[in-house]
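The values are calculated or read from the model by the stated rules, or taken from the named source; none is laboratory data. In this text, all values refer to a predicted model and were calculated from it rather than measured experimentally. When we count neighbours, we look across all protein chains shown, and the Cβ atoms used for this are built from the backbone with ideal geometry, even at glycine. Surface areas here come from the heavy atoms of the whole protein model, side chains and all, with no ligands, DNA or RNA. Shrake-Rupley method; radii C 1.70, N 1.55, O 1.52, S 1.80 Å.
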Amino acid sequence: MPKLSSNQLQEYNDNGYVAPIEVLTKNQAFEIRKEIEKIETKWPDELKGAGRNYVHMISPILDEVCHNSKMLDAVESIIGKNILICGTTLFIKNPYEKGFVSFHQDATYIGLEPHNWVTAWLAITDANEENGCMRMWSGSHKNNIRHHEQKYDEGNLLTRGQTVENVPLDKTTPLVLKAGQMSLHHPTIVHGSGLNKSNDRRIGFVVQSYIGSNVDQVLGKMYVQQARGDDTFNYHQHTKRPSSLMNSKDIEIRKKANDDLQRIFYPGSIKKGNF
Ligand SMILES: O=C(O)CCC(=O)C(=O)O
């Protein structure tokens, strides 16, 4: 069975993340990159800012990735058999840009309760220390939500620049992945990532997140797809899978989903960020 082994599950429970998990071949990952770059070329504004979210709604190729059985088998080991896809995000760091991700916990500001969910970070390019892979503070998921400063700093790829201060860097581990490998991380693990100092892009396609059907969105409205099992709670709006790239109906529903996501991200915030 390609599900997580008991050692991998132990790793997830102890550290708050597990990696690497083999999902795609290098060539398959390259095909995904080509799809992303095709969208960027043909529709230059589509993936900018908040447009980096819910890309699986307008691209059958990216949609297919979210339903990949290797990903779902691993996810099922953590959250059970009733799995919904409640969002995707592209975390792209271009070379020579100032993109970074401050240390944070995903469960802050996202409104997904209870925490029966997991984030899947799929490497579309290699991710390593040179190009700014994620760094994980192992074991930090065992504490509750910590205070986050809202910094809105330039280059920060998070919505509010939300930051857990004073993370001991020497206690964080670089999460190095080859293109096609994935990591799974816990809603409350503290993690972040630094600058891309390489000559190529660093691209992560992130299912943010896979949720159990018992997980509600307590801050607003969320659009989901059934990935496995049944939706035993019916908390969210279900959407159809896209049938072609950039179909006008799919664009419309993605726009609604992204507008609603903005309402989830920013209540009580001092201002609105780029994403
Ligand atoms: O891609 C990154 O560097 C950070 C992504 C992240 O914070 C996440 O997937 O939760």
_It is to be established whether one or more residues within the stretch 196-216 are acidic (Asp, Glu) and within 15 Å of ASN116 (Cβ to Cβ)._
yes
*Provide a single number: the residues in the stretch 184-206 that are under 25 Å from ASP230 (Cα atoms) and near the ligand (Cβ under 9 Å from one of its atoms).*
2
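Okay, residues lined up against (1) crowded, with 21+ Cβ neighbours inside 10 Å; (2) at pLDDT 95 or above; (3) among the charged types (D, E, K, R):
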position: GLN226; (1), (2), (3): no, yes, no
position: HIS236; (1), (2), (3): no, yes, no
position: ASP250; (1), (2), (3): yes, yes, yes
position: ILE253; (1), (2), (3): no, yes, no
position: LEU261; (1), (2), (3): yes, no, no
position: ILE270; (1), (2), (3): no, no, no
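Mind telling me which of the residues GLU165, GLU97, GLU154, GLU130 ends up being in contact with a Gly (Cβ under 8 Å, 6 or more places away or on another chain), acidic (Asp, Glu) and either part of a loop (DSSP other than H, G, I, E, B) or more than 14 Å from the ligand (Cβ to nearest atom) (or both)? Reasoning before the result, please.
Numbers: GLU165 fails: in contact with a Gly (Cβ under 8 Å, 6 or more places away or on another chain); GLU154 fails: in contact with a Gly (Cβ under 8 Å, 6 or more places away or on another chain); GLU130 fails: in contact with a Gly (Cβ under 8 Å, 6 or more places away or on another chain).
After applying the criteria, what remains is GLU97.
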_For the stretch 217-275: of the residues being hydrophobic (A, V, I, L, M, F, W, C) and more than 18 Å from the chain's Cα centre (by Cα), which is farthest from LEU62 (Cα to Cα)?_
ILE270
*With LEU90, LEU47 as the choices, which residue is within 15 Å of the ligand (Cβ to nearest atom) and assigned to a loop (DSSP other than H, G, I, E, B)?*
LEU47
*For residues that are at pLDDT 95 or above and of a type in the set (D, E, K, R), scanning just the stretch 48-65, find the one that is surrounded by the fewest Cβ atoms within 10 Å (Cβ to Cβ).*
GLU64
*Filter result for GLY194 (among the small types (Gly, Ala, Ser), farther than 25 Å from THR25 by Cα, open to solvent by less than 40 Å² (accessible area, probe 1.4 Å) and touching a residue at least 24 places away in the same chain (Cβ under 8 Å))*: yes
*Regarding ALA179, is this residue touching a Ser or Thr at 6+ places or on another chain (Cβ under 9 Å) and open to solvent by less than 80 Å² (accessible area, probe 1.4 Å)?*
yes
*Hey, among the residues in the stretch 203-223 that are aliphatic (A, V, I, L, M) and in a strand (DSSP E or B), which one's surrounded by the fewest Cβ atoms within 10 Å (Cβ to Cβ)?*
VAL206
